[in-house]
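Student: Below you will find the structure I want to go over with you.
The values are calculated or read from the model by the stated rules, or taken from the named source; none is laboratory data. As the structure is a prediction and not an experimental result, all values here were calculated from the model. As a convention, Cβ positions derive from the backbone with ideal geometry for all residues, glycine included, and neighbour counts pool all protein chains shown.
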Amino acid sequence: MNDMTPLRARLAAHYDLAPNPALAEEMRDIYARMARVISPVDWAIHAPYVAAINALKAQRNAVILAHNYMTPQIYHGIADVVGDSLQLAIKATEVEAEVIVQCGVHFMAETSKILNPAKTVLIPDMQAGCSLAESITPAGIAEMRRRYPGAPVVTYVNTTAEVKAASDICCTSSNAAQIVAGLDADTIIMTPDKYLAQNVAREVPQKTIVWWDGACEVHEQYTARDLVEFRDWNPGTRIIAHPECPPDVVAEADFSGSTSGIIDYVTREQPERAMLVTECSMASNISDALPGVEFIGPCNMCPHMKRITLEKVLWSLHSLEGAVEVDPEVAAKARVSVERMIDLSRRMAA
Ligand code: 13P
Ligand code: SF4
(Lines give C-alpha, C1' and ligand atoms only; values in the text may rest on other atoms or scores of the structure.)
(Ligands and ions follow the chains in the order given, each with its own letter.)
Protein backbone atom coordinates (compact mmCIF):
# COMPACT_ATOMS: atom_id res chain seq x y z
CA MET A 1 0.00 0.00 0.00
CA ASN A 2 2.99 2.35 0.50
CA ASP A 3 3.19 3.39 -3.12
CA MET A 4 -0.56 3.98 -3.31
CA THR A 5 -0.62 7.30 -1.50
CA PRO A 6 1.30 9.33 -4.11
CA LEU A 7 -0.63 7.61 -6.90
CA ARG A 8 -3.95 8.43 -5.26
CA ALA A 9 -2.80 12.00 -4.80
CA ARG A 10 -1.93 12.27 -8.51
CA LEU A 11 -5.29 10.79 -9.49
CA ALA A 12 -7.21 13.01 -7.08
CA ALA A 13 -6.00 16.05 -9.04
CA HIS A 14 -8.09 14.83 -12.01
CA TYR A 15 -10.91 12.68 -10.64
CA ASP A 16 -13.29 12.70 -7.69
CA LEU A 17 -12.39 9.36 -6.16
CA ALA A 18 -13.82 9.77 -2.66
CA PRO A 19 -15.97 6.83 -1.48
CA ASN A 20 -19.41 7.47 -2.94
CA PRO A 21 -22.38 5.42 -1.65
CA ALA A 22 -24.81 7.21 -4.03
CA LEU A 23 -22.70 6.33 -7.08
CA ALA A 24 -22.28 2.80 -5.72
CA GLU A 25 -26.08 2.50 -5.58
CA GLU A 26 -26.42 3.83 -9.17
CA MET A 27 -23.94 1.13 -10.26
CA ARG A 28 -25.73 -1.69 -8.45
CA ASP A 29 -26.02 -3.79 -11.65
CA ILE A 30 -22.23 -4.08 -11.76
CA TYR A 31 -22.08 -4.66 -8.00
CA ALA A 32 -24.58 -7.53 -8.27
CA ARG A 33 -21.83 -9.61 -9.98
CA MET A 34 -19.56 -9.40 -6.91
CA ALA A 35 -21.95 -8.79 -4.00
CA ARG A 36 -21.14 -12.15 -2.41
CA VAL A 37 -17.47 -11.30 -2.02
CA ILE A 38 -17.25 -7.47 -1.80
CA SER A 39 -18.99 -5.61 1.03
CA PRO A 40 -21.18 -2.55 0.25
CA VAL A 41 -18.64 -0.39 2.12
CA ASP A 42 -15.83 -1.59 -0.14
CA TRP A 43 -17.99 -1.19 -3.24
CA ALA A 44 -18.57 2.49 -2.34
CA ILE A 45 -14.74 2.82 -2.37
CA HIS A 46 -14.31 1.00 -5.71
CA ALA A 47 -17.30 2.51 -7.57
CA PRO A 48 -15.71 5.95 -8.34
CA TYR A 49 -12.66 4.18 -9.84
CA VAL A 50 -14.81 1.80 -11.86
CA ALA A 51 -16.90 4.71 -13.19
CA ALA A 52 -13.80 6.78 -14.06
CA ILE A 53 -12.06 3.88 -15.80
CA ASN A 54 -15.13 2.92 -17.84
CA ALA A 55 -15.60 6.53 -19.00
CA LEU A 56 -11.90 6.89 -19.88
CA LYS A 57 -11.91 3.60 -21.77
CA ALA A 58 -14.49 4.98 -24.19
CA GLN A 59 -12.55 8.28 -24.62
CA ARG A 60 -9.28 6.47 -25.31
CA ASN A 61 -10.82 3.81 -27.58
CA ALA A 62 -9.35 1.22 -25.24
CA VAL A 63 -10.22 -2.33 -24.35
CA ILE A 64 -9.36 -4.11 -21.09
CA LEU A 65 -8.25 -7.75 -21.28
CA ALA A 66 -8.26 -9.29 -17.81
CA HIS A 67 -6.97 -12.63 -16.61
CA ASN A 68 -9.14 -14.85 -14.41
CA TYR A 69 -6.81 -14.09 -11.44
CA MET A 70 -7.69 -10.40 -11.32
CA THR A 71 -9.61 -9.12 -8.28
CA PRO A 72 -13.44 -9.13 -8.55
CA GLN A 73 -13.60 -5.33 -8.88
CA ILE A 74 -11.36 -5.54 -11.97
CA TYR A 75 -12.85 -8.77 -13.34
CA HIS A 76 -16.49 -7.68 -13.03
CA GLY A 77 -16.13 -3.91 -12.86
CA ILE A 78 -13.94 -2.84 -15.78
CA ALA A 79 -12.89 -5.81 -17.95
CA ASP A 80 -14.19 -6.10 -21.51
CA VAL A 81 -12.80 -9.59 -21.90
CA VAL A 82 -11.91 -12.07 -19.18
CA GLY A 83 -10.32 -15.45 -19.65
CA ASP A 84 -7.38 -17.80 -19.33
CA SER A 85 -4.06 -17.21 -21.08
CA LEU A 86 -5.20 -18.85 -24.32
CA GLN A 87 -8.51 -17.00 -24.48
CA LEU A 88 -6.78 -13.67 -23.85
CA ALA A 89 -4.17 -14.38 -26.55
CA ILE A 90 -6.89 -15.32 -29.05
CA LYS A 91 -8.94 -12.25 -28.14
CA ALA A 92 -5.85 -10.09 -28.62
CA THR A 93 -5.85 -11.11 -32.31
CA GLU A 94 -9.42 -9.80 -32.69
CA VAL A 95 -9.19 -6.45 -30.88
CA GLU A 96 -10.22 -3.39 -32.89
CA ALA A 97 -9.58 -0.75 -30.23
CA GLU A 98 -6.40 1.34 -30.52
CA VAL A 99 -5.31 0.72 -26.94
CA ILE A 100 -5.19 -2.57 -25.03
CA VAL A 101 -4.88 -2.45 -21.23
CA GLN A 102 -3.66 -5.84 -20.04
CA CYS A 103 -4.84 -6.63 -16.54
CA GLY A 104 -2.55 -9.54 -15.87
CA VAL A 105 1.20 -10.03 -15.79
CA HIS A 106 3.93 -8.75 -18.10
CA PHE A 107 4.21 -11.81 -20.37
CA MET A 108 0.49 -11.50 -21.16
CA ALA A 109 0.90 -7.86 -22.20
CA GLU A 110 3.92 -8.83 -24.29
CA THR A 111 1.88 -11.52 -26.03
CA SER A 112 -0.80 -8.94 -26.87
CA LYS A 113 1.90 -6.60 -28.22
CA ILE A 114 3.49 -9.39 -30.27
CA LEU A 115 0.09 -10.02 -31.87
CA ASN A 116 -0.68 -6.28 -32.27
CA PRO A 117 2.60 -4.48 -33.03
CA ALA A 118 0.82 -1.32 -34.21
CA LYS A 119 -1.37 -0.93 -31.12
CA THR A 120 -0.56 0.61 -27.77
CA VAL A 121 -0.49 -2.15 -25.15
CA LEU A 122 -0.41 -0.91 -21.57
CA ILE A 123 0.35 -2.81 -18.41
CA PRO A 124 -0.69 -0.93 -15.27
CA ASP A 125 2.39 -2.18 -13.38
CA MET A 126 5.59 -3.04 -15.25
CA GLN A 127 6.81 -5.04 -12.23
CA ALA A 128 3.99 -7.59 -12.56
CA GLY A 129 6.23 -10.54 -13.42
CA CYS A 130 6.01 -14.32 -13.11
CA SER A 131 8.33 -16.89 -11.53
CA LEU A 132 8.04 -19.07 -14.63
CA ALA A 133 8.94 -16.27 -17.04
CA GLU A 134 11.96 -15.42 -14.87
CA SER A 135 13.19 -19.02 -14.79
CA ILE A 136 14.40 -19.26 -18.39
CA THR A 137 16.23 -17.22 -21.04
CA PRO A 138 17.01 -17.97 -24.71
CA ALA A 139 20.32 -19.48 -23.48
CA GLY A 140 18.26 -22.06 -21.56
CA ILE A 141 16.36 -22.97 -24.72
CA ALA A 142 19.68 -23.34 -26.58
CA GLU A 143 20.99 -25.58 -23.78
CA MET A 144 17.93 -27.84 -24.04
CA ARG A 145 18.34 -28.04 -27.82
CA ARG A 146 21.99 -29.06 -27.33
CA ARG A 147 20.98 -31.73 -24.80
CA TYR A 148 18.18 -33.13 -26.98
CA PRO A 149 19.18 -32.54 -30.61
CA GLY A 150 16.28 -32.42 -33.04
CA ALA A 151 13.56 -32.33 -30.34
CA PRO A 152 10.98 -29.57 -30.87
CA VAL A 153 10.63 -26.95 -28.12
CA VAL A 154 7.13 -26.33 -26.76
CA THR A 155 7.21 -23.23 -24.59
CA TYR A 156 4.54 -22.17 -22.14
CA VAL A 157 3.21 -18.68 -22.84
CA ASN A 158 4.43 -17.70 -19.35
CA THR A 159 7.77 -16.60 -20.86
CA THR A 160 9.41 -13.52 -22.34
CA ALA A 161 9.15 -12.65 -26.03
CA GLU A 162 12.83 -13.62 -26.46
CA VAL A 163 12.17 -17.12 -25.14
CA LYS A 164 9.09 -17.51 -27.34
CA ALA A 165 11.20 -16.36 -30.31
CA ALA A 166 13.75 -19.10 -29.57
CA SER A 167 11.05 -21.82 -29.37
CA ASP A 168 9.13 -23.79 -32.01
CA ILE A 169 5.61 -23.42 -30.68
CA CYS A 170 3.89 -22.05 -27.58
CA CYS A 171 1.27 -23.70 -25.41
CA THR A 172 -0.96 -22.80 -22.50
CA SER A 173 -2.30 -25.06 -19.80
CA SER A 174 -5.51 -25.52 -21.79
CA ASN A 175 -3.87 -26.88 -24.95
CA ALA A 176 -0.46 -28.25 -23.87
CA ALA A 177 -1.42 -31.94 -24.05
CA GLN A 178 -3.02 -31.61 -27.51
CA ILE A 179 -0.08 -29.64 -28.87
CA VAL A 180 2.43 -32.18 -27.58
CA ALA A 181 0.32 -35.10 -28.86
CA GLY A 182 0.04 -33.47 -32.29
CA LEU A 183 3.78 -32.88 -32.84
CA ASP A 184 5.59 -35.17 -35.24
CA ALA A 185 8.42 -36.14 -32.84
CA ASP A 186 8.98 -38.81 -30.19
CA THR A 187 10.94 -36.59 -27.79
CA ILE A 188 9.60 -33.15 -26.94
CA ILE A 189 11.18 -30.40 -24.89
CA MET A 190 8.74 -28.51 -22.66
CA THR A 191 9.79 -25.26 -21.01
CA PRO A 192 9.80 -23.73 -18.48
CA ASP A 193 7.21 -25.37 -16.17
CA LYS A 194 8.43 -28.78 -15.01
CA TYR A 195 5.09 -29.59 -13.34
CA LEU A 196 2.99 -28.75 -16.39
CA ALA A 197 5.41 -30.91 -18.40
CA GLN A 198 5.12 -33.80 -15.93
CA ASN A 199 1.32 -33.54 -15.94
CA VAL A 200 1.28 -33.53 -19.75
CA ALA A 201 3.65 -36.53 -19.77
CA ARG A 202 1.00 -38.53 -17.86
CA GLU A 203 -1.68 -37.50 -20.33
CA VAL A 204 0.43 -38.20 -23.42
CA PRO A 205 2.37 -41.38 -22.52
CA GLN A 206 3.26 -42.09 -26.15
CA LYS A 207 5.78 -39.19 -26.13
CA THR A 208 9.01 -38.77 -24.21
CA ILE A 209 8.84 -35.37 -22.58
CA VAL A 210 11.85 -33.60 -21.14
CA TRP A 211 11.56 -30.36 -19.20
CA TRP A 212 13.20 -27.26 -17.85
CA ASP A 213 13.36 -26.86 -14.08
CA GLY A 214 10.92 -23.94 -13.63
CA ALA A 215 7.83 -23.73 -11.43
CA CYS A 216 5.00 -21.39 -10.57
CA GLU A 217 5.63 -19.98 -7.10
CA VAL A 218 1.89 -20.02 -6.38
CA HIS A 219 1.00 -23.56 -7.43
CA GLU A 220 4.20 -25.32 -6.33
CA GLN A 221 3.30 -24.56 -2.71
CA TYR A 222 0.48 -27.12 -2.65
CA THR A 223 1.25 -30.66 -1.58
CA ALA A 224 -0.71 -33.89 -2.05
CA ARG A 225 -0.78 -34.18 1.73
CA ASP A 226 -2.61 -30.82 1.97
CA LEU A 227 -5.31 -32.23 -0.29
CA VAL A 228 -5.59 -35.53 1.62
CA GLU A 229 -5.89 -33.66 4.92
CA PHE A 230 -8.43 -31.29 3.42
CA ARG A 231 -10.58 -34.21 2.24
CA ASP A 232 -10.45 -35.78 5.71
CA TRP A 233 -11.49 -32.47 7.27
CA ASN A 234 -14.21 -31.75 4.74
CA PRO A 235 -15.39 -34.98 3.06
CA GLY A 236 -17.37 -34.60 -0.15
CA THR A 237 -15.64 -31.37 -1.26
CA ARG A 238 -14.80 -31.38 -4.95
CA ILE A 239 -11.08 -30.61 -5.30
CA ILE A 240 -9.94 -28.96 -8.52
CA ALA A 241 -6.27 -28.28 -9.25
CA HIS A 242 -4.46 -26.21 -11.86
CA PRO A 243 -1.88 -28.20 -13.91
CA GLU A 244 0.91 -25.91 -12.69
CA CYS A 245 0.60 -27.91 -9.42
CA PRO A 246 2.96 -30.88 -8.85
CA PRO A 247 1.70 -34.14 -10.43
CA ASP A 248 0.92 -35.82 -7.09
CA VAL A 249 -1.35 -32.87 -6.27
CA VAL A 250 -3.10 -33.16 -9.63
CA ALA A 251 -3.45 -36.94 -9.09
CA GLU A 252 -5.15 -36.30 -5.74
CA ALA A 253 -7.63 -33.81 -7.27
CA ASP A 254 -11.02 -34.65 -8.84
CA PHE A 255 -10.30 -32.49 -11.87
CA SER A 256 -7.43 -30.50 -13.35
CA GLY A 257 -7.61 -27.77 -15.96
CA SER A 258 -6.63 -24.27 -16.99
CA THR A 259 -8.36 -21.43 -15.15
CA SER A 260 -11.16 -21.42 -17.73
CA GLY A 261 -11.28 -25.21 -17.65
CA ILE A 262 -11.81 -24.93 -13.88
CA ILE A 263 -14.62 -22.37 -14.33
CA ASP A 264 -16.32 -24.57 -16.95
CA TYR A 265 -16.03 -27.64 -14.73
CA VAL A 266 -17.52 -25.99 -11.62
CA THR A 267 -20.27 -24.34 -13.70
CA ARG A 268 -21.17 -27.67 -15.30
CA GLU A 269 -20.91 -29.83 -12.17
CA GLN A 270 -22.28 -27.34 -9.59
CA PRO A 271 -20.82 -29.28 -6.63
CA GLU A 272 -22.17 -28.36 -3.20
CA ARG A 273 -18.65 -27.53 -2.00
CA ALA A 274 -15.51 -26.88 -4.01
CA MET A 275 -11.87 -26.22 -3.26
CA LEU A 276 -9.97 -24.52 -6.08
CA VAL A 277 -6.28 -25.38 -5.79
CA THR A 278 -5.12 -22.21 -7.49
CA GLU A 279 -4.96 -18.42 -7.09
CA CYS A 280 -7.40 -16.89 -4.58
CA SER A 281 -9.37 -14.60 -6.90
CA MET A 282 -10.69 -17.47 -9.01
CA ALA A 283 -13.29 -18.55 -6.46
CA SER A 284 -14.25 -14.93 -5.69
CA ASN A 285 -14.78 -14.13 -9.37
CA ILE A 286 -17.20 -16.97 -10.03
CA SER A 287 -19.01 -17.28 -6.72
CA ASP A 288 -21.86 -14.84 -7.48
CA ALA A 289 -22.73 -16.71 -10.68
CA LEU A 290 -22.73 -19.99 -8.72
CA PRO A 291 -24.79 -19.32 -5.56
CA GLY A 292 -25.32 -23.04 -4.96
CA VAL A 293 -21.57 -23.73 -4.65
CA GLU A 294 -19.74 -23.08 -1.41
CA PHE A 295 -16.07 -22.35 -2.07
CA ILE A 296 -13.94 -23.48 0.83
CA GLY A 297 -10.38 -24.25 1.65
CA PRO A 298 -7.03 -22.58 1.23
CA CYS A 299 -5.88 -20.60 -1.76
CA ASN A 300 -2.61 -18.90 -2.61
CA MET A 301 -2.21 -15.32 -3.78
CA CYS A 302 -0.07 -14.49 -6.83
CA PRO A 303 1.87 -11.40 -5.74
CA HIS A 304 2.49 -10.45 -9.37
CA MET A 305 -1.15 -10.58 -10.45
CA LYS A 306 -2.11 -8.65 -7.33
CA ARG A 307 0.08 -5.72 -8.37
CA ILE A 308 -2.71 -4.77 -10.77
CA THR A 309 -5.18 -2.49 -8.98
CA LEU A 310 -7.98 -0.13 -10.00
CA GLU A 311 -5.77 2.84 -9.10
CA LYS A 312 -2.99 1.68 -11.41
CA VAL A 313 -5.41 0.87 -14.24
CA LEU A 314 -6.91 4.37 -14.00
CA TRP A 315 -3.47 5.95 -14.01
CA SER A 316 -2.29 3.95 -17.00
CA LEU A 317 -5.39 4.90 -19.02
CA HIS A 318 -5.07 8.52 -17.90
CA SER A 319 -1.34 8.92 -18.56
CA LEU A 320 -0.84 6.21 -21.21
CA GLU A 321 2.28 5.29 -19.23
CA GLY A 322 3.35 1.66 -19.10
CA ALA A 323 3.38 0.91 -22.83
CA VAL A 324 4.95 -2.49 -23.52
CA GLU A 325 7.53 -2.56 -26.32
CA VAL A 326 9.03 -5.61 -28.02
CA ASP A 327 11.95 -5.47 -30.45
CA PRO A 328 10.34 -5.94 -33.92
CA GLU A 329 12.71 -8.77 -34.94
CA VAL A 330 12.09 -10.65 -31.69
CA ALA A 331 8.35 -9.98 -31.98
CA ALA A 332 8.23 -11.38 -35.53
CA LYS A 333 9.89 -14.65 -34.41
CA ALA A 334 7.81 -14.89 -31.22
CA ARG A 335 4.64 -14.28 -33.26
CA VAL A 336 5.36 -17.44 -35.26
CA SER A 337 5.41 -19.54 -32.06
CA VAL A 338 2.26 -17.92 -30.66
CA GLU A 339 0.35 -18.04 -33.95
CA ARG A 340 1.24 -21.70 -34.46
CA MET A 341 -0.35 -22.40 -31.08
CA ILE A 342 -3.45 -20.30 -31.83
CA ASP A 343 -3.91 -21.90 -35.29
CA LEU A 344 -3.61 -25.37 -33.81
CA SER A 345 -6.04 -24.55 -30.99
CA ARG A 346 -8.58 -23.12 -33.44
CA ARG A 347 -8.29 -26.24 -35.63
CA MET A 348 -8.73 -28.50 -32.59
CA ALA A 349 -11.81 -26.54 -31.46
CA ALA A 350 -13.41 -26.60 -34.97
P1 13P B 1 -4.26 -20.16 -17.34
O2 13P B 1 -5.23 -19.03 -17.08
O3 13P B 1 -3.93 -20.24 -18.79
O4 13P B 1 -4.77 -21.43 -16.78
O5 13P B 1 -2.88 -19.79 -16.62
C6 13P B 1 -2.78 -19.68 -15.26
C7 13P B 1 -1.65 -18.85 -14.85
O8 13P B 1 -1.00 -19.09 -13.88
C9 13P B 1 -1.35 -17.67 -15.61
O10 13P B 1 -0.28 -17.02 -15.07
FE1 SF4 C 1 3.25 -16.76 -12.84
FE2 SF4 C 1 2.18 -18.48 -11.14
FE3 SF4 C 1 1.62 -15.90 -10.88
FE4 SF4 C 1 0.62 -17.28 -12.98
S5 SF4 C 1 0.14 -17.60 -10.83
S6 SF4 C 1 1.61 -15.28 -13.03
S7 SF4 C 1 2.29 -18.73 -13.36
S8 SF4 C 1 3.67 -16.85 -10.63
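Student: Small (Gly, Ala, Ser) and in contact (Cβ under 8 Å) with a residue 12 or more places away in the chain: does that describe Ala350?
Tutor: Spelling it out, it is not the case that Ala350 is small (Gly, Ala, Ser) and in contact (Cβ under 8 Å) with a residue 12 or more places away in the chain.
Student: Restricting to the stretch 146-180, give me the number of residues that are more than 24 Å from the chain's Cα centre (by Cα) and among the small types (Gly, Ala, Ser).
Tutor: Here the count works out to 2.
Student: So, one more: Scan the helices (runs of 4 or more DSSP H) fully inside the stretch 259-350 and keep the ones with 3 or more residues being polar (S, T, N, Q).
Tutor: Those helices (runs of 4 or more DSSP H) span 259-269, 281-287.
Student: Here is a further query. Return the pair list, or none, for Cβ contacts closer than 8 Å from residues in the stretch 309-330 that are at positive phi to residues that are modelled with pLDDT of 95 or more and part of a helix (DSSP H, G or I), at least 6 apart or on different chains.
Tutor: Leu320/Arg60; Gly322/Ser316
Student: Residue by residue through the stretch 197-217, note down the ones that are touching an Asp or Glu at 6+ places or on another chain (Cβ under 6 Å) and either under 19 Å from Ala251 (Cβ atoms) or among the hydrophobic types (A, V, I, L, M, F, W, C) (or both).
Tutor: Cys216
Student: Take the residues in the stretch 117-167 that are hydroxyl-bearing (Ser, Thr, Tyr) and more than 16 Å from ligand 1 (Cβ to nearest atom); name whichever of them is farthest from Leu320 (Cα to Cα).
Tutor: Top of the filtered list is Tyr148.
Student: For the stretch 250-279, give me the residue count where each residue is more than 10 Å from ligand 1 (Cβ to nearest atom) and either within 19 Å of Pro192 (Cα to Cα) or not hydrophobic (A, V, I, L, M, F, W, C) (or both).
Tutor: Of the residues in the stretch 250-279, 13 are more than 10 Å from ligand 1 (Cβ to nearest atom) and either within 19 Å of Pro192 (Cα to Cα) or not hydrophobic (A, V, I, L, M, F, W, C) (or both).
Student: How about the stretch 138-245: which strands (runs of 3 or more DSSP E) wholly inside it have at least 2 residues that are away from ligand 2 (no atom under 16 Å from the Cβ) and more than 24 Å from Arg340 (Cα to Cα)?
Tutor: Fully inside the stretch 138-245 and qualifying: 238-241.
Student: Follow-up. For the stretch 28-105, give me every one of the strands (runs of 3 or more DSSP E) that falls completely inside it and has 1 or more residues that are closer than 22 Å to Arg8 by Cβ and within 15 Å of ligand 1 (Cβ to nearest atom).
Tutor: Per the criteria, 62-67, 99-103.
Student: Taking the stretch 18-52, which residues are under 28 Å from the mean Cα position of the chain (by Cα) and within 14 Å of Leu310 (Cα to Cα)?
Tutor: Hits for the stretch 18-52 are Asp42, Trp43, Ala44, Ile45, His46, Ala47, Pro48, Tyr49, Val50, Ala51, Ala52.
Student: Can you tell me which residue among Val99, Val63 is more than 16 Å from Ile30 (Cα to Cα) and in contact with a Leu (Cβ under 7 Å, 6 or more places away or on another chain)?
Tutor: Unique residue meeting the criteria: Val99.
Student: Cβ contacts < 6 Å: first residue farther than 16 Å from Ser112 by Cβ, restricted to the stretch 75-86; second residue of a type in the set (Val, Ile, Thr) and more than 13 Å from ligand 1 (Cβ to nearest atom), any location; separation 6+ or different chain. Result?
Tutor: Final answer for the pair search is Gly77/Ile30; Gly77/Val50; Ile78/Val50; Ile78/Ile53; Ile78/Ile64.
Student: Further question: So which residues in the stretch 188-206 are under 11 Å from Val154 (Cα atoms) and not small (Gly, Ala, Ser)?
Tutor: Ile188, Ile189, Met190, Thr191, Pro192, Asp193
Student: Condition check: closer than 24 Å to Thr159 by Cα, buried (at least 17 other Cβ atoms within 10 Å of the Cβ) and out of contact with any strand residue (DSSP E or B) (no Cβ under 6 Å at 6 or more places or on another chain). Does Arg335 satisfy that?
Tutor: Yes, satisfied.
Student: What are the residue pairs meeting all of these: first residue in the stretch 256-280, first residue modelled with pLDDT of 95 or more, second residue of a type in the set (Lys, Arg), Cβ atoms under 7 Å, and 6 or more apart or on different chains?
Tutor: Filtered contacts from the stretch 256-280: Glu269/Arg238; Pro271/Arg238; Arg273/Arg238; Ala274/Arg238.
Student: Select from the stretch 275-310 the residues that are more than 16 Å from ligand 2 (Cβ to nearest atom) and either over 30 Å from Ala58 (Cβ atoms) or in contact with a Phe, Trp or Tyr (Cβ under 7 Å, 6 or more places away or on another chain) (or both) and list them in ascending order.
Tutor: Met275, Ser287, Leu290, Pro291, Gly292, Val293, Glu294, Phe295, Ile296, Gly297, Leu310 - these are the residues of the stretch 275-310 that are more than 16 Å from ligand 2 (Cβ to nearest atom) and either over 30 Å from Ala58 (Cβ atoms) or in contact with a Phe, Trp or Tyr (Cβ under 7 Å, 6 or more places away or on another chain) (or both).
Student: Given the structure, is Ala151 in contact with a Phe, Trp or Tyr (Cβ under 6 Å, 6 or more places away or on another chain) and free of Cβ contacts under 8 Å to residues at least 60 places away in the same chain?
Tutor: no
Student: Test Val63 against the criterion of being touching a strand residue (DSSP E or B) at 6+ places or on another chain (Cβ under 9 Å), within 30 Å of Asp16 (Cα to Cα) and among the hydrophobic types (A, V, I, L, M, F, W, C), and give yes or no.
Tutor: yes
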